[in-house]
1. Tell me, which residue of region 125-149 that is among the β-branched types (Val, Ile, Thr) and touching a Leu at 6+ places or on another chain (Cβ under 9 Å) is farthest from residue 199 (Cα to Cα)?
2. Which residues, taken from region 31-65, are farther than 21 Å from residue 129 by Cα, touching a strand residue (DSSP E or B) at 6+ places or on another chain (Cβ under 7 Å), surrounded by fewer than 17 Cβ atoms within 10 Å (Cβ to Cβ) and at pLDDT 95 or above?
3. Name the residue that is modelled with the lowest pLDDT, counting only residues in region 147-205 that are among the hydroxyl-bearing types (Ser, Thr, Tyr) and surrounded by 15 or more Cβ atoms within 10 Å (Cβ to Cβ).
4. Can you run down the residue pairs with Cβ atoms below 6 Å, 6 or more apart or on separate chains, where the first is in region 58-86 and under 17 Å from residue 42 (Cβ atoms) and the partner is assigned to a helix (DSSP H, G or I)?
5. Which of the residues that make up region 87-103 are open to solvent by less than 60 Å² (accessible area, probe 1.4 Å) and part of a loop (DSSP other than H, G, I, E, B)?
6. Return a yes/no flag: does region 123-133 have any residue that is under 26 Å from residue 31 (Cβ atoms), surrounded by fewer than 17 Cβ atoms within 10 Å (Cβ to Cβ) and either at pLDDT 95 or above or not hydroxyl-bearing (Ser, Thr, Tyr) (or both).
7. Residue 78 fails exactly one of the following numbered conditions: (1) open to solvent by 40 Å² or more (accessible area, probe 1.4 Å); (2) within 26 Å of residue 196 (Cβ to Cβ); (3) not in a loop (DSSP other than H, G, I, E, B). What is the number of that condition?
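The values are calculated or read from the model by the stated rules, or taken from the named source; none is laboratory data. On a predicted model such as this, the values are computed, not experimentally measured, just so you know. Every residue, glycine as well, gets a Cβ built from its backbone with ideal geometry; the counts of neighbours run over all protein chains shown. Quick note on the areas: whole protein, heavy atoms, side chains included, nothing else; ligands and nucleic acids left out. Shrake-Rupley method; radii C 1.70, N 1.55, O 1.52, S 1.80 Å.
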Amino acid sequence: MTDGATTVLMRKAYARWAPIYDLVYDKLTEPAARAAVNAAVACGPKVLEAGVGTGLSLGYYPMHAEVYGVDLSEDMLRRAQEKVDRRGLTYVKSLQVMDVTRLGFPDGTFDAVTAQFIITLVPEPETALDEFMRVLRPGGEIVLANHWGQPSGPVAKVEEMVSPIAKAIGWSSAFKASRVEAWAQRTGRMEVVELRSLFPSGFFKLMRIKKKA
């Protein structure tokens, strides 16, 4: 399947998800999303949120932040913009339709790039990570919050069995954190500085990847 065809299918899927996304994801993902936002802002005020979706985490940023959100789905972004307008989130500077594998920002623009619950869904995750690295300033961090499959053991076997179901709701157990760690090592410019278990019971994890100065 071509990249263009994949993008069209993803847009259609997100359009179907948009009306119910908040109901399904909000409470379950809030602790992980808050942890990702806090880690990103600790790097500096200027943050890119890649795959911002309906803007569930936009309300977690402090007032001094400068947040830019991008997403593939216009339907999702419409709901995010409604949240920004309704809550007066003036620190959200822009919300744009954009493919995370082709970001329209100059090199070294952001103090941090955060992607929450999307990296396992991107057809070309390494390409997206390359773009995150490009738009990140030296010393800044990529902050990922996600569900990654267990590398081994009985839990890993169960995850593999239910992988089709998990993938349907956006959580791929077949995608291991080691894939991102291997990408970071290959770049020679990025270093994984933290991989931390989060609520619920370590189902989600926070990964921080620092760009060498």
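1. Start the filter on region 125-149 by keeping residues that are among the β-branched types (Val, Ile, Thr), which leaves 127, 135, 142-143.
Imposing the further condition that a residue be touching a Leu at 6+ places or on another chain (Cβ under 9 Å) reduces the set to 135, 142-143.
Values: 135: 29, 142: 20, 143: 16 Å.
Applying the filter and picking the extreme gives 135.
2. none
3. Of the residues in region 147-205, the ones among the hydroxyl-bearing types (Ser, Thr, Tyr) are 152, 163, 172-173, 178, 187, 197, 201.
Checking which are surrounded by 15 or more Cβ atoms within 10 Å (Cβ to Cβ) leaves us with 163, 172-173, 187.
On the way: 163: 50, 172: 64, 173: 70, 187: 98.
Selected residue: 163.
4. Hits for this filter: 60/34; 60/37; 61/37; 65/41.
5. 88, 89, 91, 98, 99, 100, 101, 103 - these are the residues of region 87-103 that are open to solvent by less than 60 Å² (accessible area, probe 1.4 Å) and part of a loop (DSSP other than H, G, I, E, B).
6. No: zero hits.
7. Against the list (1) open to solvent by 40 Å² or more (accessible area, probe 1.4 Å); (2) within 26 Å of residue 196 (Cβ to Cβ); (3) not in a loop (DSSP other than H, G, I, E, B), residue 78 comes up short only on (2).
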